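The values are calculated or read from the model by the stated rules, or taken from the named source; none is laboratory data. Quick caveat: nothing in here was measured; it's all calculated off a predicted structure. When we count neighbours, we look across all protein chains shown, and the Cβ atoms used for this are built from the backbone with ideal geometry, even at glycine. Areas reflect the complete protein model, heavy atoms only, side chains present, ligands, DNA and RNA absent. Shrake-Rupley method; radii C 1.70, N 1.55, O 1.52, S 1.80 Å.
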Amino acid sequence: MRFWVEALQNRSSKKRAQFCFLNLMNALILAAGYATRLYPLTLNKAKPLLVVGGKPIIEWVVDNLQDVPDLETIYVVTNDKFAADFQVWSERYQDRHPQFKFKIVNDGSKSDADKLGAIGDINFVVTRENLSQSSLLIIAGDNLFTESLEGFVVCAKGSEATVGVYDVGDREAIKKYGNVLIDDDGIITHLEEKPQKPRGTLAAIALYYYSPLVLSLLTTYLAAGNNPDQPGRFVQWLYTRKPVKTYQIKGKWLDIGSKETLEKADAILRTIKT
């Protein structure tokens, strides 16, 4: 009888351990671009390492992950030109925030001409680091949020795929982004990248939660010869095959794409206590 009870306890412990493992989630920050539109500012410094509002852009991103539950490792994918710089940054940041675990992944590209593209980079990291067994939170390294990403993750967990959306409030401004329509349950019914004739002002932004099942579809997408850049292109392909949930960002969303948006973000974020 005692052996039987101990066997059941051991089995229960294994199930709890497996359940906890399934709940674990990694994060991936996309930082492998060359930001040529910001030259000469980004000629010798990666865009996510530019200082905005008193600290590097990437620190605004990581600071918003502090309350995210079950976060295992934060991967930063970058290029050969800036990999060493991100390594130095991550070590200094971790000294101040020991609760985080980082891994810098060099995608091997050396210029804008031979870059893998954002979707190519996601697939590269998932494959190389064997991340397909747990969910993945993906954030563009030049996207800034003024609120924690905890709400996004809590909403996304349990879904196959969830995308952050933001109402830009302007039909002209939405032409630069992915224009999304959703149903009453927040599921994407239409997504068009950089539309000439927008059907609303809701933008799909570079903030994603993908389950292991969805991560496995990255190779299918790329093998078919689809665009390896612009991460929204994968969502545009995915929503016709699987339900893609949305979560509307409630604070400010700042997309750093030009010197003007960089200066605007700096002015806004300097008013926020860090």
message = As an exercise: evaluate residue 261 against (1) among the polar types (S, T, N, Q); (2) under 26 Å from residue 58 (Cβ atoms); (3) in contact (Cβ under 8 Å) with a residue 60 or more places away in the chain and give the number of the one condition it does not meet.
response = (3)
remark   = Of the residues in the range 116-159, those that are touching a strand residue (DSSP E or B) at 6+ places or on another chain (Cβ under 8 Å), among the charged types (D, E, K, R) and surrounded by fewer than 22 Cβ atoms within 10 Å (Cβ to Cβ) number 3
query = Would you say residue 209 is touching a Lys or Arg at 6+ places or on another chain (Cβ under 8 Å), modelled with pLDDT under 95 and hydroxyl-bearing (Ser, Thr, Tyr)?
reply = no
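Collect the residues in the range 234-255 that are open to solvent by less than 30 Å² (accessible area, probe 1.4 Å), under 18 Å from residue 30 (Cβ atoms) and touching a helix residue (DSSP H, G or I) at 6+ places or on another chain (Cβ under 8 Å), keeping them in residue-number order.
So in the range 234-255, the residues open to solvent by less than 30 Å² (accessible area, probe 1.4 Å) come out as 234-235, 238, 244, 246, 249, 251, 253-254.
Adding the requirement that they be under 18 Å from residue 30 (Cβ atoms) leaves 234-235, 238, 249, 253-254.
Passing the criteria: 234, 238, 249, 254.
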key: Whichever residue in the range 256-274 is small (Gly, Ala, Ser) and assigned to a loop (DSSP other than H, G, I, E, B) and, among such residues, is most open to solvent (accessible area, probe 1.4 Å)   = 258
task = May I ask you to verify whether residue 27 is within 20 Å of residue 154 (Cβ to Cβ), open to solvent by less than 10 Å² (accessible area, probe 1.4 Å) and modelled with pLDDT of 95 or more?
result = yes
task = Of the conditions (1) within 20 Å of the chain's Cα centre (by Cα); (2) within 26 Å of residue 151 (Cα to Cα); (3) not in a helix (DSSP H, G or I), residue 94 clears all except one; give me its number.
result = (3)
query = Among the residues of the range 243-255, how many are assigned to a loop (DSSP other than H, G, I, E, B) and modelled with pLDDT under 95?
reply = 4
ask   = outside any helix (DSSP H, G or I) and of a type in the set (Phe, Trp, Tyr) - does that describe any residue in the range 135-150?
value = yes
remark   = Residue pairs within 7 Å by beta carbon, gap of at least six or interchain, first lying in the range 126-147 and more than 22 Å from residue 79 (Cβ to Cβ), second of a type outside the set (Gly, Ala, Ser) and assigned to a strand (DSSP E or B), listed first then second, are 134/25; 134/26; 135/25; 135/209; 135/210; 145/253
task = Being over 19 Å from residue 209 (Cα atoms) and aliphatic (A, V, I, L, M) is the filter here, so list the residues in the range 164-197 that pass it.
result = 168, 173, 174
inquiry  = Which of the numbered conditions does residue 103 fail, given that it passes all the others? Conditions: (1) under 14 Å from residue 29 (Cβ atoms); (2) surrounded by 19 or more Cβ atoms within 10 Å (Cβ to Cβ); (3) of a type outside the set (Ser, Thr, Tyr).
reply    = (2)
ask   = Among the residues of the range 224-233, is there at least one that is open to solvent by 60 Å² or more (accessible area, probe 1.4 Å) and free of Cβ contacts under 8 Å to residues at least 12 places away in the same chain?
value = yes
